[in-house]
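Peer 1: I'd like to ask you about the structure that follows.
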Amino acid sequence: MNNAHLIISAVSMDFTNPDGSTFRALQNVDLAVSKGEFISIIGHSGCGKSTVLNIVAGLYQATLGGVILNGREVSQPGPGRAMVFQNHSLLPWLTAYENVELAVRQLFKSHKSQAEMRDWVEHNLSLVHMTHAMHKRPDEISGGMKQRVGIARALAMEPEVLLLDEPFGALDALTRAHLQDSLMEIQASLGNTMMMVTHDVDEAVLLSDRIVMMTNGPAASVGKILQVALPRPRERVKIAESPEYNHCRHQVLKFLYQRHGATQEPTPADAVASDKALSKVTPLNPDEKKTQVLNMAS
Amino acid sequence: MNTQVMNDRPVLLDRLALNLGSKPIAWLRALAAPASGILLFLLIWHLAAPTVVTSLGTVPGPVQVYQQFRALVAEHRAERQKEKAFYLRQEKRNAIKLAKNPDTRIRIRKYTGNPTFFDQIVTSIYTVMAGFLLASLIAIPIGIVAGLSKPVYAAINPLVQIFKPVSPLAWLPIVTMIVSASYVTDDPWFEKSFLNSAITVLLCSLWPTIISTAVGVTNVSKDLQNVSRVLRLNWWTHVRKIVLPSAIPMIFTGLRLSLGIAWMVLIAAEMLSQNPGLGKFVWDEFQNGSSNSLGRIMVAVIVIGLIGFLLDRIMLLLQRKVSWDKSVALR
């Protein structure tokens, strides 16, 4: 695993509470990602999956351990690890085009001409199918379109790793499906390494090469990693009937439910309600979890 | 979008006219409440004023105040006539002098009549804008820096909190002394009384802008700050592209508060520093003590109120023009 593209090595993260005490959010998170891989991080709310992503982005500094990208340690945020934020984070006073342009100007000012920069902005907007509304401002376009622009902005930075923090969490099911398809299309053509935080089991199975399941916080860690051996390109309708898809889905649900206090074996019908159910599950106490992590390790 | 609006304009006008014609009731209803408020106020004023007797006679009612307003307009017209006549006479005299001896050096004498009520309004607006604009130029950068840096904020916050509640009347003597000591030239650009008033206005209208700007800058969304960090924007680009547009609504909130304070402070400052504006007008009428004085002061009060209101509206229009967030309500 030493030649991996991106290595998250023994990362622990402490946060300081307002009263001065510290709170360990992550404990010994290890992960190696190879180039072009699509990784999903899934786990219960508050388990620290976004924290992992923020550490990879360089927005947070890990208390212990570190992140190595292409053999170099990550110490600060940068365009090489572009982030698609949950709530799009577009500048509301700029049009879609100008939002992407801000990134392009900042990064390629010295080695692209005006015309090249304009083409590059438009190219990235066309990748996410947004050329028709590129001169509209964020408040004039729908949530899904905003997220598309957010992705275009991130892609325009030519990142080595594209980080997506619950990018489709706030969207309706149909829009989400469209955007997932777009994302698969983009990954197929550009071959980006992508890391996505999600709490949608279907999304994780559909998009990922591997699914990283995290244990509950505090002191969350990687519980289990599941390989999704579905052939690409994947079509959501066809895939839904394949045994591998259902197997993977079942594995993830089993991890999320069984090990966290749910009494019943999940049925496919439960999966729909899984989002709501997940947030209600009570967290384990830390001692129980340690043994659990050990069990999984063995 | 724009072209559509342009094309629609005649239709829109038609529709408006139609609405005016067919639905006058709606218009009346919209105007009814404010109009009746004003009428009620005038009525109470009219009835109550004659019952209050002062050493300058009874307090004038709305009718007398209106008469005083007419008188002030007439005085203004008369003064302008006199000025015109003065310059005409001078021109004639100069022409005659030149005809006698083409080498005479012609000196144009300036008219030195008293400033009228309307001249005083202009002076007041000019003075308040000078103080307010200077204050804004100082306060906005300070607010931005304070909002971006916690240590800077902590350093200036106590000063702002202490100076903010200081009355203009307390500043004025200090300002006067400093100006008269340091502004010594033979050919002054500005009157000292103007400088005293403008600087006092400046000192009182700094604080709301500083505070609002700092708050606006501190509240720039975390996500947008993260975008800036991922893009590694430098300090100046960060301020220009992320911070300033985010903080514009709060900056304008501060500016509007400041301008309101500036206008209030100005009247007091002009009274004491004898700057030939509305404050001086009120003060002179008070000192004058004729039977018309109270009426004339009331005209000034109403005009001061109307101008303050107008200044606020202008700021709001400016905010709408500058800010990306067009949803700011007219309040």
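Peer 1: Taking only Cα atoms and a 10 Å spring cutoff, compute GNM fluctuations for chain B and point out the largest among B:I142, B:I210, B:I199.
Peer 2: Checking each option, the largest mean-square fluctuation is seen for B:I142.
Peer 1: What number comes out for the charge environment of A:G169, summing +1 per Lys or Arg and -1 per Asp or Glu over other residues with Cβ under 9 Å away?
Peer 2: -2
Peer 1: Now a separate question. Which distance in Å, rounded to a whole number, links the C-alpha centroids of the range A:174-213 and the range B:227-271?
Peer 2: 42 Å
Peer 1: Another one. How charged is the neighbourhood of B:G279? Take every other residue with its Cβ under 12 Å from the Cβ of B:G279, and add Lys/Arg as +1 and Asp/Glu as -1. All intermediate terms of the calculation are to be shown ahead of the outcome.
Peer 2: Details: positive: B:K280; negative: B:E270, B:D284, B:E285.
Around B:G279, the charge tally is -2.
Peer 1: Please list, or write none, the aspartates and glutamates whose alpha carbon is within less than 12 Å of the alpha carbon of A:K136, excluding same-chain residues fewer than 8 places away.
Peer 2: Straight-distance partners of A:K136: A:E98.
Peer 1: Here is a follow-up. Other chains' Cβ within 10 Å of A:102-114 residues: what's the mean? Kindly include the intermediate steps, with their values, before the conclusion.
Peer 2: Numbers: counts 7, 4, 0, 3, 8, 2, 0, 0, 0, 0, 0, 0, 0.
Other-chain Cβ atoms within 10 Å of each residue's Cβ, averaged: 2.
Peer 1: Oh, and also: A:N28 versus B:W236, label points 7 Å from Cα toward the beta carbon: distance in nm?
Peer 2: 5.1 nm
Peer 1: Note down the relative contact order for the range B:115-330 as a percent, whole number, built from C-alpha pairs under 8 angstrom at least six residues apart.
Peer 2: On the way: 246 pairs, mean separation 58.4, N = 216.
For the range B:115-330, the relative contact order is 27 percent.
Peer 1: Based solely on its DSSP helices, what 222 nm [θ] is calculated for chain A when runs of n ≥ 4 H residues each add -39,500 (n - 2.57) and the sum is averaged over all residues, nearest 500 deg cm²/dmol?
Peer 2: That comes out to -12500 deg cm²/dmol.
Peer 1: When the Kirkwood radius is taken over all Cα pairs of the range B:115-330, what Stokes-Einstein diffusion coefficient follows at 37 °C and 0.692 mPa s, in µm²/s?
Peer 2: On the way: Rh = 18.9 Å.
Answer, rounded: 174 µm²/s.
Peer 1: What percentage of the solvent-accessible surface of the protein assembly as shown, computed with a 1.4 Å probe over protein heavy atoms, is contributed by carbon and sulfur atoms? Present the calculation step by step, with values, prior to reporting the outcome.
Peer 2: Details: 20950 of 34080 Å².
Taking all protein chains in place, the protein assembly as shown shows 61 percent carbon and sulfur surface.
Peer 1: Still on this model: In this model, which of B:K84/B:K280; A:K49/B:K321; B:K92/B:K280; A:K35/A:K112; A:K49/A:K238 are farther than 32 Å apart at the alpha-carbon? Intermediate results must be reported in sequence, preceding the final value.
Peer 2: Numbers: B:K84/B:K280 25 Å; A:K49/B:K321 42 Å; B:K92/B:K280 35 Å; A:K35/A:K112 26 Å; A:K49/A:K238 30 Å.
Too far apart for the 32 Å limit: A:K49/B:K321; B:K92/B:K280.
Peer 1: If I fit a long axis through the Cα atoms of helix B:168-182 and take the longest principal axis of the Cα atoms of chain B, what angle between them do I get, 0 to 90°, rounded to 10?
Peer 2: Long axis of B:168-182 versus the principal axis of chain B: about 70 degrees.
Peer 1: Which percentage, to the nearest 5, of the DSSP beta bridges contained in the protein assembly as shown is antiparallel? Walk me through the numbers before you get to the answer.
Peer 2: On the way: 22 of 39 bridges.
Given both bridge residues lie in the protein assembly as shown, the antiparallel proportion sits at roughly 55 percent.
Peer 1: Would you kindly state how much longer the chain becomes between B:F163 and B:I138 on full extension, computed as 0.36 nm times their sequence separation minus their alpha carbon distance, in nm to one decimal? Before the final figure, lay out the partial values.
Peer 2: Numbers: separation 25, 0.36 × 25 = 9.00 nm, distance 1.52 nm.
Length gained, B:F163 through B:I138: 7.5 nm.
Peer 1: Across peptide A:78-87, what mean number of C-beta atoms from other chains lies inside 10 Å of a residue's C-beta? Don't skip to the end; give the middle numbers.
Peer 2: Working: counts 4, 3, 1, 1, 3, 5, 0, 6, 1, 2.
Mean shielding by partner chains, rounded to a whole number: 3.
Peer 1: Would you count, across the range B:110-227, every pair of lysines whose alpha carbons are under 30 angstrom apart, provided the pair is eight or more residues apart or spans two chains? Before the final figure, lay out the partial values.
Peer 2: On the way: B:K110/B:K192; B:K150/B:K164; B:K150/B:K222; B:K164/B:K192; B:K164/B:K222.
Lysine pairs, 8 or more places apart or on different chains, close enough: 5.
Peer 1: Ok, one more. Treating cross-link reach as a plain straight distance, find the aspartates and glutamates whose alpha-carbon is under 18 Å from the alpha-carbon of B:K82, omitting any fewer than eight places away in the same chain.
Peer 2: B:E91, B:D119
Peer 1: Given a Förster radius of 22 Å and the C-beta distance between B:I314 and B:S36 as r, what FRET efficiency does 1/(1 + (r/R0)^6) yield to the nearest 0.05?
Peer 2: After rounding, the FRET efficiency stands at 0.20.
Peer 1: Additional query: Hey, how many Å between the Cα centroid of the range B:310-325 and the Cα centroid of the range A:107-135?
Peer 2: If you average the Cα positions of each part, the centres end up 34 Å apart.
Peer 1: Can you give the mean number of other chain Cβ atoms that lie within 10 Å of the Cβ atoms in peptide B:221-229?
Peer 2: Values: counts 4, 3, 8, 5, 2, 8, 13, 4, 7.
That average works out to 6.
Peer 1: Grab the other residues whose beta carbon is less than 14 angstrom from that of B:A74, score K and R as +1, D and E as -1, and report the net. Let's see the in-between values first.
Peer 2: Working: positive: B:R70, B:R77, B:R80, B:K82, B:R296; negative: B:E75, B:E79.
Residues close to B:A74 contribute a combined charge of +3.
Peer 1: Hey, another quick one. How long are the semi-axes of the equivalent ellipsoid of chain A, defined as square roots of 5 times the Cα gyration tensor eigenvalues? Whole Å, largest first.
Peer 2: On the way: eigenvalues 206, 108, 64 Å².
Working through the eigenvalues yields semi-axes of 32, 23, 18 Å.
Peer 1: Please report the spacing between the Cα centers of the range A:216-254 and the range A:28-67 in Å, no decimals.
Peer 2: 18 Å
Peer 1: To the nearest 100 Å², how much accessible surface do chains A and B hide from each other in total, with a 1.4 Å probe? The partial results should precede the final answer.
Peer 2: Details: alone 14410 and 21460 Å², together 34080 Å².
Between A and B, the summed buried area is about 1800 Å².
The values are calculated or read from the model by the stated rules, or taken from the named source; none is laboratory data. All of these numbers come straight from a predicted model, not from anything done at the bench. Every residue, glycine as well, gets a Cβ built from its backbone with ideal geometry; the counts of neighbours run over all protein chains shown. When the accessible area is computed, the model is the full protein with side chains, heavy atoms only, and any ligands, DNA or RNA have been set aside. Shrake-Rupley method; radii C 1.70, N 1.55, O 1.52, S 1.80 Å.
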